[in-house]
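Below: the structure, in structure tokens.
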Amino acid sequence: ANDLPVQVEAQLQVMQKLEEKQLPEHPGTMEKELSLHLQGLELHKRKVMEAAQLAKDLRVQGEHIQARLQKLQVCAAGNQEAKAKESLSLKRAQ
């Protein structure tokens, strides 16, 4: 019955030692690590913003291309219609 408190105490000591190992030895090390993490976050944030802007630019460019394509299709359809009329006129003239 007395074994349980001893085991719990031993486990707590092991956990405490593991936590101490994970803590940096120098107080400034945590600040440096935090600073590096913050720099990393800022870099990722900037990259996300750049990617969002690029996506927006590409979407606008795609819309312009789509509009131009539609104009070309209308023009091509008009040319086909004109050639068909011309062809019909030539057949009648023969």
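The values are calculated or read from the model by the stated rules, or taken from the named source; none is laboratory data. Everything quoted here is computed from the prediction, not taken from an experiment. Note that each Cβ is placed from the backbone with ideal geometry, even for glycine, and that neighbours are counted across all protein chains shown. Each accessible area value is taken on the protein alone, full model and side chains, heavy atoms only, with ligands, DNA and RNA left out. Shrake-Rupley method; radii C 1.70, N 1.55, O 1.52, S 1.80 Å.
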Report task. Could you tell me whether E9 is among the charged types (D, E, K, R) and either touching a Phe, Trp or Tyr at 6+ places or on another chain (Cβ under 8 Å) or open to solvent by less than 100 Å² (accessible area, probe 1.4 Å) (or both)? Result -> yes
Requested in this report: Taking N79 as the residue in question, decide whether it is open to solvent by less than 100 Å² (accessible area, probe 1.4 Å) and without any contact (Cβ under 8 Å) to a residue 24 or more places away in the chain.
Outcome: yes
**Report entry** For Q22: the one exception among (1) surrounded by 10 or more Cβ atoms within 10 Å (Cβ to Cβ); (2) within 34 Å of the chain's Cα centre (by Cα); (3) not basic (K, R)
**Finding:** (1)
Report summary line: Here the residues within the range 26-40 that are acidic (D, E) and either touching a Ser or Thr at 6+ places or on another chain (Cβ under 6 Å) or open to solvent by 100 Å² or more (accessible area, probe 1.4 Å) (or both) are E31
